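Input: a single structure, listed below in structure tokens.
The values are calculated or read from the model by the stated rules, or taken from the named source; none is laboratory data. Remember, it's a predicted structure, so these values are computed and weren't measured experimentally. Glycine gets a Cβ as well: all are built from the backbone with ideal geometry, and neighbour counts include every protein chain shown. When the accessible area is computed, the model is the full protein with side chains, heavy atoms only, and any ligands, DNA or RNA have been set aside. Shrake-Rupley method; radii C 1.70, N 1.55, O 1.52, S 1.80 Å.
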Amino acid sequence: MDRIESGTVPEGRLTTEPSVSAETRVDIAIVGAGIAGIATAYYLCTRHRAKSVLLVDSRQPMSFTSAQSGDNYRNWWPHPTMVAFTNHSIELMEELARESANVFRMTRGGYALATRRRNIDELVAELHNAYASTGDDQIRVRTGQSNESYQLPESKNWERAPDGVDVLCSQSLIRKTFPAFSEDIENVIHIRRAGDISGQQLGQYMLQHIRAAGGRKIVAKLRGLEHGQHYVLDLETSDGTQTIRADSLVDAAGPFAGGVAAMIDRQLPVANIFQQKIAFEDTRGAVPRNLPFSIDLDEKQLSWSAEERQLLLDDSELAWLAQTLPGGTHCRPEGGERGKWVKLGWAYNTDVSSPQEDLANEPMLDNRFPEIVIRGAAEFIPAMAEYIELPPSRFSQYGGYYTMTEENWPLIGPLDNKGAFINGALSGFGSMVACAAGSLAAAWVCGGDLPSYSKQLSLARYEDALLMSELRNSHNKGIL
Ligand SMILES: Cc1cc2nc3c(=O)[nH]c(=O)nc-3n(C[C@H](O)[C@H](O)[C@H](O)COP(=O)(O)OP(=O)(O)OC[C@H]3O[C@@H](n4cnc5c(N)ncnc54)[C@H](O)[C@@H]3O)c2cc1C
């Protein structure tokens, strides 16, 4: 298989900002122009009318973790706080989709969660708990009688798709709606407020508005940070060094957020875990073009021949591949109804990395991953098995860090009590929460109105022993 590059920002796509002079004073400096930093700048400039906002990044905007995103979104979370947070983010995205004539191609085919479990009482109870505040009619269990009113995922138009969750327990309905799924799939949970966007286009759209409102960006690496009367940023630029003074600072440095916080002696409870995806042309038509983003929820053993299994078990480095692997293998068609590509992912890695500046040098970028994820996908979409024997001739393999807290909740709020803030730990959900995260970070910076969940998403949650114990004991942390 030939590997091809993906996830890079096309040249010339981003215009240069008006120059930032050698010694500059700004109101708010944001370190990081990934989707977290850009969304923060967007809400600062547009909603709070902040006049002097500077984005600092050593790379082009949206070119690090944010360029690796699968760009999927969902309001499906095991906890009501994260449901409220993602629902708000989706509302804000819908607002932007409306006002921009959907320049970032928001769709809403849903998420189809497939399981072989016959008894899904626990999963349904989790849905009721998570969606409790969104209304009683949000969870519709389809056992046969109520099949007629189930709206098929035919149109991915976000304005026409229903809300809530359809729990498909009827075999006939599952076979008719998801003919690509393996026949041992007993139940499908169809999350309706879910789909995909173009994160790059969303970032570009926000950048245009930031520029129009007078916000600026500088290509520079933050080397040091001090706090006296102001935050003093020591920057390395392509032609030397520069000092910027800022009244407020936002750490939106993605995988490097811990390093930026450490410059002002703050420790962040985050780790970086590398996760991968592949994309390839589905020349054999294994994945129907109208398939929603689909996830196999079940733990599984991959299908190896007896001989292959023995060889794996005899190799201490590979033995794990012959053992039970976690659920979460996912697949979706890429490029719309007329496209041919598919994307596959499986966030099974749990090893913590020290983040590399060049993602292609991450030792966890594993050349066995394409075969592993195709084998995983074949367990619930059997037609994928064809690609085990005859792998796709061209494919794109890429990866990036899930920068995450142990409980897999983000960190948005004050970093110290002098004017530094964090918008980070966005794990595998940064594109979908970007709008709510940016809006929340901007409100913290400007002293604006804060939503009810703001404390829970900030560092202050670690003082709430009850919440932390609930989160640490939860078996489902919403990692995909
Ligand atoms: C494989 C993969 C698939 C994913 N799929 C999805 C998905 O389907 N849906 C979803 O919602 N999310 C997904 N995510 C998660 C999402 O991509 C991230 O949460 C999000 O991109 C994080 O954005 P960020 O702005 O925090 O970080 P980044 O995009 O990494 O931005 C941080 C920026 O800070 C800059 N920086 C760091 N340190 C410094 C410094 N010292 N000086 C100057 N600049 C600095 C970096 O150059 C970088 O540009 C996925 C992630 C991965 C890895």
- request: Tell me which of these A33 doesn't satisfy, since it passes every other one: (1) part of a strand (DSSP E or B); (2) touching a Pro at 6+ places or on another chain (Cβ under 7 Å); (3) more than 30 Å from R142 (Cβ to Cβ).
  value: (1)
Test result for K343, more than 22 Å from Y398 (Cα to Cα), of a type in the set (K, R) and open to solvent by less than 60 Å² (accessible area, probe 1.4 Å): no
field: Any hit, segment 154-174, residues being outside any strand (DSSP E or B), at pLDDT below 90 and over 30 Å from A39 (Cα atoms)
entry: yes
query: Within segment 416-433, is even one residue among the hydroxyl-bearing types (S, T, Y) and either open to solvent by 10 Å² or more (accessible area, probe 1.4 Å) or within 14 Å of A252 (Cα to Cα) (or both)?
result: yes
message: Condition check: open to solvent by 20 Å² or more (accessible area, probe 1.4 Å), more than 12 Å from the ligand (Cβ to nearest atom) and either among the charged types (D, E, K, R) or at pLDDT 95 or above (or both). Does E371 satisfy that?
response: yes
- line: Per the filter on segment 69-95, residues of a type in the set (D, E, K, R) and open to solvent by 30 Å² or more (accessible area, probe 1.4 Å) are E91, E95
- request: For segment 213-243, enumerate the residues that are away from the ligand (no atom under 14 Å from the Cβ), among the β-branched types (V, I, T) and open to solvent by 60 Å² or more (accessible area, probe 1.4 Å).
  value: none
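Mind listing just one residue for me: the one in segment 110-153 that is hydroxyl-bearing (S, T, Y) and part of a strand (DSSP E or B) and, of those, surrounded by the fewest Cβ atoms within 10 Å (Cβ to Cβ)?
T115
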message: Quick check on A246: is it more than 13 Å from the ligand (Cβ to nearest atom), surrounded by 23 or more Cβ atoms within 10 Å (Cβ to Cβ), of a type in the set (A, V, I, L, M, F, W, C) and closer than 24 Å to T46 by Cβ?
response: yes
- prompt: Which of the residues spanning segment 95-123 are farther than 18 Å from T329 by Cα and among the polar types (S, T, N, Q)?
  reply: S100, N102, T107, N119
Residue list for segment 65-94, restricted to those being touching a helix residue (DSSP H, G or I) at 6+ places or on another chain (Cβ under 6 Å), farther than 21 Å from S474 by Cα and either part of a loop (DSSP other than H, G, I, E, B) or within 8 Å of the ligand (Cβ to nearest atom) (or both): T65, S66, S69, D71, Y73
- line: Matching residues in segment 391-423 (under 17 Å from G478 (Cα atoms) and of a type outside the set (A, V, I, L, M)) number 9
- prompt: Would a scan of segment 44-62 turn up a residue that is part of a strand (DSSP E or B), farther than 30 Å from V219 by Cα and of a type in the set (A, V, I, L, M)?
  reply: no
query: Restricting segment 301-337 to residues that are charged (D, E, K, R) and touching a strand residue (DSSP E or B) at 6+ places or on another chain (Cβ under 6 Å), which is least open to solvent (accessible area, probe 1.4 Å)?
result: R332
task: Output yes when any residue across segment 46-55 is out of contact with any Ser or Thr (no Cβ under 6 Å at 6 or more places or on another chain), farther than 29 Å from P288 by Cα, open to solvent by less than 30 Å² (accessible area, probe 1.4 Å) and within 15 Å of the ligand (Cβ to nearest atom), and no when none is.
output: yes
- prompt: Could you count how many residues in segment 193-207 are open to solvent by less than 10 Å² (accessible area, probe 1.4 Å) and over 14 Å from D71 (Cα atoms)?
  reply: 2
- line: Across (1) open to solvent by 20 Å² or more (accessible area, probe 1.4 Å); (2) closer than 22 Å to F85 by Cβ; (3) away from the ligand (no atom under 16 Å from the Cβ), L471 clears everything bar (1)
- request: Could you please let me know if F395 is more than 22 Å from Y111 (Cα to Cα), within 14 Å of the ligand (Cβ to nearest atom), of a type in the set (F, W, Y) and surrounded by 12 or more Cβ atoms within 10 Å (Cβ to Cβ)?
  value: no
message: Scan segment 96-106 and tell me whether some residue there is surrounded by 13 or more Cβ atoms within 10 Å (Cβ to Cβ), in a loop (DSSP other than H, G, I, E, B) and in contact with a Ser or Thr (Cβ under 7 Å, 6 or more places away or on another chain).
response: yes
task: Tell me, please, whether a residue that is more than 15 Å from the ligand (Cβ to nearest atom), at pLDDT below 95 and buried (at least 17 other Cβ atoms within 10 Å of the Cβ) can be found in segment 14-32.
output: yes
- line: V342 passes all but one of the listed conditions (1) in contact with a Pro (Cβ under 7 Å, 6 or more places away or on another chain); (2) assigned to a loop (DSSP other than H, G, I, E, B); the exception is number (2)
field: Among residues of segment 398-442, those that are on the phi < 0 side of the Ramachandran plot and more than 13 Å from the ligand (Cβ to nearest atom), counted
entry: 12
